[in-house]
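A short write-up of the structure that comes next.
The values are calculated or read from the model by the stated rules, or taken from the named source; none is laboratory data. Quick caveat, the model's predicted, so the values are computed rather than measured. Methodologically, a virtual Cβ is constructed for each residue, glycine included, from the backbone with ideal geometry; neighbour enumeration extends over all protein chains shown. When the accessible area is computed, the model is the full protein with side chains, heavy atoms only, and any ligands, DNA or RNA have been set aside. Shrake-Rupley method; radii C 1.70, N 1.55, O 1.52, S 1.80 Å.
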Amino acid sequence: MQYHVLTTERCNLSCLYCGGTREIPGVPLDLEYDIEQLIDFISKDPEAVIGFYGGEPLLAMDRFQEIIDKVPAKAFTLQTNGTLLHEVKDEYLHRLHSILISLDGPKEVTDASRGEGIYNKVMENLEIIRSKGYKGDLIARMAYSDHGDIHHDVHHLLENFDHVHWQLDVFWTGLEQRGDVAGWLDRYDEGITELVSDFGRSMEEGELLGIVPFIPVFRTLLNKEPAQIWCGSGRDSFSIMTSGNIEACPIAPELVYTNNGNISTSTPDSIKDSRSVGQPCTDCDILWVCGGRCLFANQTTGWGKDWFNRVCRTTRHMIDELQKLVPLAEELINSGKIDKKIFDYPELNNGCEIIP
Ligand code: SF4
Ligand code: SF4
């Protein structure tokens, strides 16, 4: 299974859609449990993947190093805002299977949400880890927000990263107060149509664009094999908070639906498949592809039914557009021009939620 391990709730940035350091009752700012407990818990899962998460996980560099040194995980990944990457020592850098770096697009788009100078700092650090010979998967993790142009921003980041993933900024900010959200989502759908078209062209050229949300969804459409919730929350992905409490996902530990015990009293087997999406997803005709998108959104539906449905329309639109490429992919595979294996991504749950 995959475990987000939160090394700290502190953050050195204060991005618009997140707000930075979280102070949540019952969740310490710094990791407070004994690492021996984590070793004991993780050692019961031979397939454990640890994804460092926060806050900004590298602010607790000592914990980050200690966990890599001592905890017997099959793989380690890192989700970071990128500002401290230059401080990661080589021996730890090269242990990371994938690094997800938060950037929203070009300088003006990233800095508008994350702060002046952040884009340049992160790109500088990207160069540093490249110059150290980092060979793992470098993934740009975008929040697609009001300033974004999804088509343009994804292409910009693909020039610098192996893969690009994004999430719609519909989690943290009140949709009603955002102005023209409907227009923003319409523009998003148009951008997705363009991106899918580029994705099809890249397939024909045998150089598949590393667009994370498209690849596994396309594989599902091609193989007609039903998907489950892609992020894995409550199924085979959990978050180990700084208290040692286990949550289905890190986003809202104060909500009861997400609570799953503690590393000192639970085991990987006891939490596996403990939560699943309910209505409206269970009645949805595209659940088999979408997987229910987000357990948190499903359980809270905080934006109300109309906005929930509008966000679902973006998922449906992406799936419909990708579906149109299936005959082309079948032809390319059957004629030997591409290998079906190009759609086998990600290799493991690296923290990309897949459905934006
Ligand atoms: S499209 Fe919406 S309702 Fe359907 S499965 Fe996905 S999140 Fe659930
Ligand atoms: S997609 Fe939703 S349920 Fe999954 S990790 Fe993100 S916030 Fe949590």
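What to note about this one:
- Residue count for the range 237-270, restricted to those that are under 22 Å from I354 (Cα atoms), of a type in the set (A, V, I, L, M, F, W, C) and not in a strand (DSSP E or B): 4.
- When residues of the range 325-348 are limited to those that are part of a loop (DSSP other than H, G, I, E, B) and over 15 Å from F214 (Cα atoms), the one nearest to ligand 2 (Cβ to nearest atom): L348
- Which listed residue is closer than 27 Å to E124 by Cα and at pLDDT 95 or above, from K107, K44, K70: K107
- Strands (runs of 3 or more DSSP E) (entirely within the range 38-122) containing at least 3 residues that are over 19 Å from N262 (Cα atoms): 75-80, 96-102
- Flag for P216 being in a helix (DSSP H, G or I), in contact (Cβ under 8 Å) with a residue 24 or more places away in the chain and open to solvent by less than 40 Å² (accessible area, probe 1.4 Å): yes
- All of S202, S237, S243, S233 fail the test of being away from ligand 2 (no atom under 14 Å from the Cβ), in contact (Cβ under 8 Å) with a residue 12 or more places away in the chain and of a type in the set (S, T, Y), apart from S243.
- The range 56-79: number of residues that are surrounded by 24 or more Cβ atoms within 10 Å (Cβ to Cβ) and not hydrophobic (A, V, I, L, M, F, W, C): 3
- Pair list, Cβ < 6 Å and 6+ apart or interchain, from the range 147-171 residues that are in contact (Cβ under 8 Å) with a residue 60 or more places away in the chain and within 16 Å of D186 (Cα to Cα) to residues that are part of a helix (DSSP H, G or I) and of a type outside the set (G, A, S): V170/V311
- Among the residues of the range 275-324, those that are within 13 Å of ligand 2 (Cβ to nearest atom), in contact (Cβ under 8 Å) with a residue 40 or more places away in the chain and either aromatic (F, W, Y) or assigned to a loop (DSSP other than H, G, I, E, B) (or both) comprise R275, S276, V277, G291, G292, R293, C294, F296.
- Among residues of the range 321-350 being among the polar types (S, T, N, Q) and over 13 Å from L222 (Cα atoms), the one that is surrounded by the most Cβ atoms within 10 Å (Cβ to Cβ) is N350.
- Matching residues, the range 54-84, being touching a Gly at 6+ places or on another chain (Cβ under 9 Å) and either among the aromatic types (F, W, Y) or free of Cβ contacts under 8 Å to residues at least 24 places away in the same chain (or both): F76
- Residue that is surrounded by the most Cβ atoms within 10 Å (Cβ to Cβ), among those in the range 194-213 that are out of contact with any Leu (no Cβ under 8 Å at 6 or more places or on another chain) and not in a helix (DSSP H, G or I): V212
- Some residue of the range 170-193 being open to solvent by less than 50 Å² (accessible area, probe 1.4 Å), aliphatic (A, V, I, L, M) and closer than 17 Å to Y345 by Cβ: no
- Under the condition of being near ligand 1 (Cβ under 10 Å from one of its atoms) and open to solvent by less than 20 Å² (accessible area, probe 1.4 Å), the residues counted in the range 270-285 number 1.
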